[in-house]
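Below is one structure, written out as structure tokens, with a few remarks after it.
Please treat every number below as a calculation from the coordinates, not as lab data. Just so it is clear, the model here is predicted, and its values are computed rather than measured. Every residue, glycine among them, receives a Cβ derived from its backbone with ideal geometry; neighbour counts consider all protein chains shown.
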């Protein structure tokens with residue numbers, strides 16, 4: 001009887017403690033990425049630039065009309081830099097008019113504004129409009145292709161080379177899913193004033209109304225860009241972006257086997273990324289993260305921080321506790337210039353290291369007076385002796 005009562009008492013205590021000190025809910029398991037019809041793909045978080053999942057992201061493949069993302073990006077950069085205006089009128093050459101493939105249906109020798117040509121490129125995927133823009137900016141398709149490649153190199157698109165502004169097949173015209181996702185991210189962040197162009201569903205020119213070929217614009221109200229492409233060599237390609245609850249994802253799929261399946265492929269990736277991953281900023285740029293001692297300076301300490309935000313995309317986990325550890329390049333001795341690297345900061349989830357970034361000085365730190373420098377020299381000397389006396393190397397048995 002006594003044993004029974006004792007077991008009951010222990011059970012009650014255990015239950016009461018369990019309710020007060022419930023174990024953390026384990027993180028939900030992350031399933032494998034979805035199966036797609038595409039040859040190559042990337043799912044990227046727009047804020048962090050991190051790749052959530054991919055398949056052959058660096059494979060060089062024909063980009064078809066995804067090429068036009070670069071064509072329009074260059075045009076908008078020209079506008080931003082004041083060398084071009086949306087209202088500038090372009091005379092359509094016979095070369096542009098004769099360009100084969102998808103068309104805006106421009107008339108030769110007609111005058112069309114840059115703004116309308118950009119709509120014709122993005123919404124109608126007009127090859128004629130792409131050539132008209134290229135000739136207006138650079139004089140010829142060949143010169144414009146050179147400008148495209150210079151820009152691709154500047155953006156770090158390592159597996160991209162352009163030979164024309166349209167994406168029409170050419171032996172040395174290629175890109176990759178990763179490069180196109182990077183380009184899309186650049187368009188979204190650098191060209192935000194013109195990004196709304198990519199979500200427009202229809203455009204009419206010369207009495208012809210054409211729909212945007214991005215089927216997700218009709219299926220998903222959170223999708224607001226970017227571009228589709230198709231040739232026999234490339235298959236069906238698509239770069240897409242969607243924003244939900246303040247968070248934006250980018251997909252790039254190359255070589256899907258139908259128009260319907262390229263939209264399905266992109267939709268599967270978006271659903272996977274939004275459902276199972278999250279993005280959080282763990283430290284802001286130029287935020288003071290520490291004030292380490294500085295020797296031989298006018299001040300005794302200096303503020304240090306990060307050049308860029310630390311924004312990480314990780315599997316969803318309500319119990320995650322990210323901690324910071326800082327290591328300084330000691331001793332820190334003045335003078336120090338603003339922006340100089342003075343140490344590192346590491347972000348960890350438990351024992352798992354997430355990322356390590358350089359710490360920089362957030363202001364100039366000038367050298368102190370002769371007296372300060374002399375005094376700190378002596379202090380550092382004796383500090384070194386003291387530390388050496390108690391180091392492992394100095395201990396003998």
Legend entry - Order of 144, 254 under a 10 Å beta carbon neighbour criterion, fewest first: 144, 254
Inset, instruction - Give the distance, in whole Å, between the Cα centre of the stretch 152-176 and the Cα centre of the stretch 92-122. - result: 22
Legend entry - Highest-MSF residue in the chain out of 58, 349, 190 [GNM, Cα springs under 10 Å]: 349
Legend entry - Virtual spin-label span in nm between residue 372 and residue 288, 7 Å along Cα→Cβ: 1.7
Legend entry - Inter-label distance, nm, simple model (7 Å from Cα along the C-beta direction), residue 115/residue 170: 3.1
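May I ask you to sort 377, 53 by Cβ crowding, counting other Cβ atoms within 10 Å and putting the fewest first? Each step should come with its number before you reach the end.
Values: 377 12, 53 18.
Starting with the residue having the fewest Cβ neighbours, the order is 377, 53.
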Inset, instruction - May I ask you to compute the full-extension gain from residue 244 to residue 221, defined as 0.36 nm times their residue separation minus their alpha-carbon distance, rounded to one decimal in nm? - result: 7.3 nm
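Can you show me the helix-derived [θ] at 222 nm for the chain, built from DSSP H runs with n ≥ 4 at -39,500 (n - 2.57) apiece and divided by the number of residues, rounded to the nearest 500.
On the way: 10 runs with 128 residues, N = 397.
Estimated from H runs of four or more residues: -10000 deg cm²/dmol.
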Inset, instruction - Between residue 319 and residue 142, with labels modelled 7 Å along Cα→Cβ, what's the label distance in nm to one decimal, could you check? - result: 6.5
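Please work out how much length the chain gains when fully extended from residue 357 to residue 276, using 0.36 nm per residue of separation minus the C-alpha to C-alpha distance, in nm with one decimal. Before the final figure, lay out each step's value.
On the way: separation 81, 0.36 × 81 = 29.16 nm, distance 2.57 nm.
Gain on stretching residue 357 to residue 276: 26.6 nm.
From Cα pairs below 8 angstrom and at least 6 apart in sequence, can you work out the relative contact order of the stretch 40-277, rounded to a whole percent?
Details: 502 pairs, mean separation 56.8, N = 238.
It comes to 24 percent, rounded to a whole number.
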Inset, instruction - Take the alpha carbon atoms of the stretch 277-342, find their center, do the same for the stretch 60-89, and report the distance between the two centers in whole angstrom. - result: 37
Legend entry - Angle between the chain longest axis and helix 259-276 axis [Cα atoms, degrees, rounded to 10]: 20
Legend entry - Length gained when the stretch residue 161-residue 232 is fully extended (0.36 nm per residue, less Cα-Cα span): 23.7 nm
Legend entry - Between helix 141-154 and the chain: long-axis angle, C-alpha atoms, 0 to 90°, nearest 10: 10
Legend entry - Hypothetical label at residue 307: residues of the stretch 327-351 whose amide nitrogen lies under 13 Å (7 Å Cα-Cβ projection): 338-343
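Order these peptides, 106-115, 202-211, by their mean beta-carbon neighbour count within 10 angstrom, highest first. Write out the running numbers ahead of the final one.
Numbers: 106-115: 15.8, 202-211: 13.2.
Ranked from most to least packed, the peptides come out as 106-115, 202-211.
Using Cβ contacts closer than 10 Å as the measure, can you line up 91, 76, 231 from fewest to most? Intermediate values should be presented prior to the final figure.
Numbers: 91 13, 76 20, 231 16.
Fewest-to-most ranking of 91, 76, 231: 91, 231, 76.
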Inset, instruction - Round to the nearest 10 and give me the degree value, 0 to 90, for the angle of helix 127-138's Cα axis relative to the longest principal axis of the chain. - result: 70
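Answer rounded, prolate or oblate for the chain, using the Cα gyration tensor with square roots of eigenvalues a ≥ b ≥ c: rounded when a/c is under 1.5, else prolate when a/b is larger than b/c, else oblate. Please report the intermediate quantities before stating the final value.
Values: a/c = 3.03, a/b = 1.52, b/c = 2.00.
It comes out oblate by the Cα gyration axes.
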Inset, instruction - Could you sort 150-162, 118-130 so that the peptide with the highest average Cβ count within 10 Å comes first and the rest follow in order? - result: 118-130, 150-162
